[in-house]
1. Looking for whichever is assigned to a helix (DSSP H, G or I) and either more than 8 Å from the ligand (Cβ to nearest atom) or under 16 Å from the mean Cα position of the chain (by Cα) (or both) here; the options are Leu100, Leu107. Which one fits?
2. Assess whether Val195 counts as being assigned to a helix (DSSP H, G or I) and open to solvent by less than 90 Å² (accessible area, probe 1.4 Å).
3. Checking Ile120 against (1) aliphatic (A, V, I, L, M); (2) within 12 Å of the ligand (Cβ to nearest atom); (3) open to solvent by 70 Å² or more (accessible area, probe 1.4 Å), which single condition isn't satisfied?
4. When you check Met1 against the structure, is it out of contact with any strand residue (DSSP E or B) (no Cβ under 8 Å at 6 or more places or on another chain) and open to solvent by less than 50 Å² (accessible area, probe 1.4 Å), yes or no?
5. Hey, among the residues in region 41-68 that are loosely packed, with under 15 Cβ neighbours inside 10 Å, free of Cβ contacts under 8 Å to residues at least 40 places away in the same chain and more than 8 Å from the ligand (Cβ to nearest atom), which one's nearest to Lys170 (Cα to Cα)?
6. Can you tell me which condition Lys94 does not meet? The list is (1) within 11 Å of the ligand (Cβ to nearest atom); (2) closer than 19 Å to Tyr186 by Cα; (3) more than 16 Å from the chain's Cα centre (by Cα), and all the others hold.
7. Mind telling me which of the residues Thr77, Thr31 ends up being open to solvent by less than 10 Å² (accessible area, probe 1.4 Å) and near the ligand (Cβ under 8 Å from one of its atoms)?
8. Search region 190-215 for residues that are over 18 Å from Phe81 (Cα atoms) and pair each with any residue that is basic (Lys, Arg) when their beta-carbon atoms are under 8 Å apart and the residues are at least 6 apart or on different chains.
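The values are calculated or read from the model by the stated rules, or taken from the named source; none is laboratory data. Since the model is a prediction, treat every value here as computed from it, not as a measurement. Counting neighbours? That spans all protein chains shown, and the Cβs are built from the backbone with ideal geometry, glycine included. Ligands, DNA and RNA are excluded from the accessible area calculation, which covers all protein heavy atoms including side chains. Shrake-Rupley method; radii C 1.70, N 1.55, O 1.52, S 1.80 Å.
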Amino acid sequence: MRIILFGPPGVGKGTQAKLLSSKLRIPHISTGDMLREAVAARTELGKKAQAVMEAGQLVSDDIMIGIIQDVLTSEKTKEGFILDGFPRTLAQAKALTQLLDERHMQLDNVIDMQIDEQKIVERLGKRLTCRECGKIYNIAIDKLSDSSKCPNCGGELYQRDDDKPETVRKRLRVYNESTAPVKEYYKHLGLLQSVSASGQIEDINNAILAMLNRH
Ligand code: AMP
């Protein structure tokens, strides 16, 4: 199954993608995670991406399409994937269609996760991520006895640089200008379905599972 999780930053794409990935046994591909790993490892890609990410802007289409091309040609995604954070522009969406066409593959589902913008700023201000296992926590909801340590694996919890309120507002502007229009593209292809992303994580996950087109 080939799924895109679509929606603004902070809507919960990463959380839902991780759950779907373990339930459906298909890999979670987060371009944001891949870029953050590159930044941490100080690779050439990381050096190019860091300032752009910290400013809440988009990394160039050329770079992102190159990354996705590598992902789609790897063994890992042969049986399917859950894309989280890609595509973010129309050019990326069209390139993805072309890359899949060349491999005689098709997307099965594009799930648009919807939420109030005000909730996003609130949520991201309270988000902590584990450096080791990538699990995401909300300090207002998850009862963390130690907010520096991941209850799942003991790794260090940190706040992403781009989760500061000013950068979140910038990311939302970029989303509305460059990414939201991509919805029309998938609507025309008959692939877009919407789900409300406020509420309990498991309820949202079940709603997504119920709407997936399966082979
Ligand atoms: P995310 O973790 O998906 O919120 O991504 C974090 C940041 O990585 C974004 O704000 C962008 O700067 C960059 N990024 C991730 N995916 C993409 C993409 N598909 N196109 C451009 N920039 C991206």
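1. Leu100 is the lone residue from the list that is assigned to a helix (DSSP H, G or I) and either more than 8 Å from the ligand (Cβ to nearest atom) or under 16 Å from the mean Cα position of the chain (by Cα) (or both).
2. no
3. Here Ile120 clears every test but (3).
4. Details: out of contact with any strand residue (DSSP E or B) (no Cβ under 8 Å at 6 or more places or on another chain): no; open to solvent by less than 50 Å² (accessible area, probe 1.4 Å): yes.
So Met1 fails the test.
5. Here the residue is Ala51.
6. Exception for Lys94: condition (1).
7. Numbers: Thr77 fails: near the ligand (Cβ under 8 Å from one of its atoms).
Answer to the selection: Thr31.
8. Hits for this filter: Ser198/Lys119.
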